Each structure stands twice: as structure tokens, then as C-alpha cells.
Amino acid sequence: MLDVHLPDCVATMQSPAAKQRTETAERLLIAHISTGSRAALARLYALYSARLAGFFGHLTSNADLVQELIGETMLDVWRERNNIDPDISVPVWVMSIAYTQIRGLLVAGESSQPLVQPSVTSADYHCPESTSAETLTRLRDAVLPLSFEEKTVLYLVYGGGLSRREISGIMNVSSRCVDVLLTHARFRLRASTDDCDSAVPAER
């Protein structure tokens, strides 16, 4: 089973200047990929494989399926290398492809794999280290019934450190819809336990 922790992004969130440098470098990679450079594609794969594994691993416990989805996502990046919107950041573009992949495979019923997070630890929702196993079980049980879209929003906020606007672009829904999904998911998580304070993402 995959052990995916939602707030991993907290320690790695970039400053605006760093994000701009990263975006410039990744745009250059996309430019090289558009010329047919497989070396550039391999570099992009190296940059995004862990991020994609975290995203897919939050929605399915099947490690083989996660690897398949990563491969299919990068294959679509190659296929669509000349069609990236200049107004969309590279992370949003790649994650929108990833979202389309897993939504098509799992929600459309093409796979029997469960849409579950395999485990919940005290780090997943910024719970204290002393949080009891019983509390974590209640928290896990609260996550499991959430819809695919709610789980996706939770991961993209906590695990991806993305803004509402970016998530809106990835999921092709309104920012208002993202707010509703996140509010509903967090309400259910908070209602599941009294001694675990779910993390609230900063407004961006």
C-alpha cells in the first residue's frame, strides 16, 4: 500500500519568486519537448513523478495502477506538447492531464480499484503526534465516504499547495465549486473527531 501524507507540501511551498523561476524552467522544458526532445520529457518525468504518485496514491491503493496512471499522464504530455495554453502554468497543465486520466479510469467505471486513501497518520491533517489510533480511525472513516471530487480537492490543497484558481483550472470547474467541495470535505473531517484539528489552507 502507498503511504501518502497530505501536508507534505507545507515544507516545500515556494515563494512567488521561486515559483516564477520554476515555471520559467519548466516552460523551457516544454519548449524542448515540443521539438521532440525525449530527454526533456524524461527530465519533466523526474520532476513530476513523485507529485503524480502522491496525487494518484491518495485516490487508489493499487500501486501498479498508480504507476500506470503516471505513465499515461506523461504520454499525454508528450501527445499534447504543442497544445499547452500559454496562460496556464505547467503544474496546472500537468495536473489537469493527471486528473482527467484518473477521473476517466476510476469514475467512469473502467477500473474496479477503490477510491480510497490507504492510510491516515497523525501528519495527514496536521494532527498532534499524540493523536490516538481511535481518532485516526475515525478520521480515516470520515475520508472514505467523500466523493472523488472532494478527495481530489483535499489533496490538491493540502498535498499540492495549490490555490482555488489553480484547482479550478485542473478540475475545469468554477472557483465557487472548489470552495463548496473543500468546505463540505473539511466539515465532515472536523465533525469526525474532537481532538484532531484539521489544517486550514491559507487563502491564496
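The values are calculated or read from the model by the stated rules, or taken from the named source; none is laboratory data. Please read all numbers here as calculations on a predicted model, not as lab measurements. Because the Cβ atoms are built from the backbone with ideal geometry, glycine has one as well, and the counts that use them run over all protein chains shown.
The residues of region 153-167 that are part of a helix (DSSP H, G or I) and among the small types (Gly, Ala, Ser) amount to a single one, GLY159.
Among residues of region 41-61 being surrounded by fewer than 19 Cβ atoms within 10 Å (Cβ to Cβ) and either without any contact (Cβ under 8 Å) to a residue 12 or more places away in the chain or assigned to a loop (DSSP other than H, G, I, E, B) (or both), the one that is nearest to the chain's Cα centre (by Cα) is ALA50. So for region 196-203 (the condition being at pLDDT 75 or above, within 15 Å of the chain's Cα centre (by Cα) and outside any helix (DSSP H, G or I)), does at least one residue qualify? So far as region 196-203 goes, no, none of its residues is at pLDDT 75 or above, within 15 Å of the chain's Cα centre (by Cα) and outside any helix (DSSP H, G or I). Applying a threshold of 8 Å to beta carbon distances and a minimum spacing of six or more residues, or different chains, the list of pairs starting in region 68-92 at a residue that is closer than 25 Å to VAL157 by Cβ and at pLDDT 90 or above and ending at one that is loosely packed, with under 15 Cβ neighbours inside 10 Å and of a type in the set (Lys, Arg) reads VAL90/ARG27. Scanning region 66-83 for residues that are surrounded by fewer than 19 Cβ atoms within 10 Å (Cβ to Cβ) and not acidic (Asp, Glu) yields GLN67, GLY71, LEU75, TRP78, ARG79, ASN82, ASN83.
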